[in-house]
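The values are calculated or read from the model by the stated rules, or taken from the named source; none is laboratory data. This one's a predicted model, so the numbers in the text were calculated from it and none came from an experiment. Here the Cβ is made from the backbone with ideal geometry for all residues, glycine too, and neighbour counts use every protein chain on show. These accessible areas exclude ligands, DNA and RNA; they are computed on the full protein's heavy atoms, side chains included. Shrake-Rupley method; radii C 1.70, N 1.55, O 1.52, S 1.80 Å.
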Amino acid sequence: MVIVRLGRWLADADARSDWVEVEPVWWRALMLVGFGYAVFVVTWVPINAFSVGREAATLYLPGESAIPLIVSFEYLYALGYALPVIAVLKTRTAGRLVRLMVAFGMILTVAYTTYLLFPVYLERPELVVDSFASYLLSVEYRDPSYNHFPSLHVALVWLGFFACRSGLRRPWIYAVTAFGMTVATLFVKQHYLVDLVYGFVLAVAAWRLTRGWVRSAVSRVSVRETTR
């Protein structure tokens, strides 16, 4: 029922409208973005703080520790905060946008469970702040370096691509940018390689598992309303 109400609100539609195929109201979609980021901040901060001081794993693959710190990759990494906003605004229908939010909740649930059961620590290199990129990265480094597996940066950016690709004129631009952001996480020393793989697989799984959920929810509610 919550899914149906959210969809109707996003499409500004009543119970008689097929809101699933209706384009969402853009400013309501933006409000949904704000809500998503608020949920992330409120939940991420205490979970990450809980891991500080706990015994944690390191996940370097052979030779991976030799990957250098390249500060300029921070510009690509920072796009990970903007791409989900673009994805929401370019998602064509209220149905797909609701599906995106359900998948978002699924990803957070799986990721946070992993963080609590299997904390991961990544030793960050010494950072000299001598440029705008290094300053941005120093802000990132203020967050304790725990809970990397999976990479939510990767998972949420790719989830956004799956949701909005049909609404993009050149979806390959988003895909290439998302790939660049994914690689950048290694060069700014924010994630291990296995974090990226887990994050991408999690995005694929969440998007596929939510296939049909919206239509199923609509069908159940429609049956209830017609039998009243």
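Brief remarks on what is shown
- Surface accessible to a 1.4 Å probe, T177 within the full protein complex, Å²: 40
- Charged side chains reduced to their Cβ positions (Lys and Arg at +1, Asp and Glu at -1) give region 1-127 a dipole of some 460 debye around its Cα centre.
- Candidates V154, V197, V45, ranked by Gaussian network fluctuation over the chain, Cα under 10 Å, top entry: V45
- For region 1-123, relative contact order (Cα pairs under 8 Å, six or more residues apart, normalised by length) works out to 44 percent.
- At 1.002 mPa s and 20 °C, Stokes diffusion of region 1-73 via Kirkwood alpha-carbon radius, µm² per second: 128
- Using θ = phi - 60° and Karplus 6.51 cos²θ - 1.76 cosθ + 1.60, couplings along region 40-49 (whole Hz; Gly, Pro as x): 4, 5, 5, 8, 5, 4, x, 5, 5, 5
- When the P(r) of the chain is calculated, the portion above 30 Å amounts to 29% of the C-alpha pairs.
- C-alpha long axis of helix 152-164 to longest principal axis of the chain, angle in °: 30
- Residues whose amide H falls under 5 Å from that of V120, counting only those 5 or more places apart or on a different chain, are A57, N147, H148, F149, with hydrogens built in the peptide plane.
- Counting only Cβ charges, +1 for Lys and Arg and -1 for Asp and Glu, the dipole size of the chain around its Cα centre is about 1200 debye.
- Over the chain, dividing the summed -39,500 (n - 2.57) contributions of all DSSP H runs of at least 4 residues by the number of residues returns a 222 nm mean residue ellipticity of -21500 deg cm²/dmol.
- On a per residue basis, the chain carries 52 Å² of accessible surface, using protein heavy atoms and a 1.4 Å probe.
- Using the Cβ-Cβ distance between Y81 and L209 with R0 set to 22 Å, the FRET efficiency works out to roughly 0.30.
- Residue-level accessible surface for V25, protein heavy atoms, 1.4 Å, Å²: 30
- If the chain linking A175 and F35 were pulled fully straight, counting 0.36 nm for each residue of separation and taking away their Cα-Cα distance, it would gain 47.9 nm.
- Reduced Cα scattering model of region 85-145, Debye log10 I(q)/I(0), q = 0.14, 0.28 Å⁻¹: -0.72, -1.06
- Between region 79-117 and region 180-196, the alpha-carbon center distance in angstrom: 19
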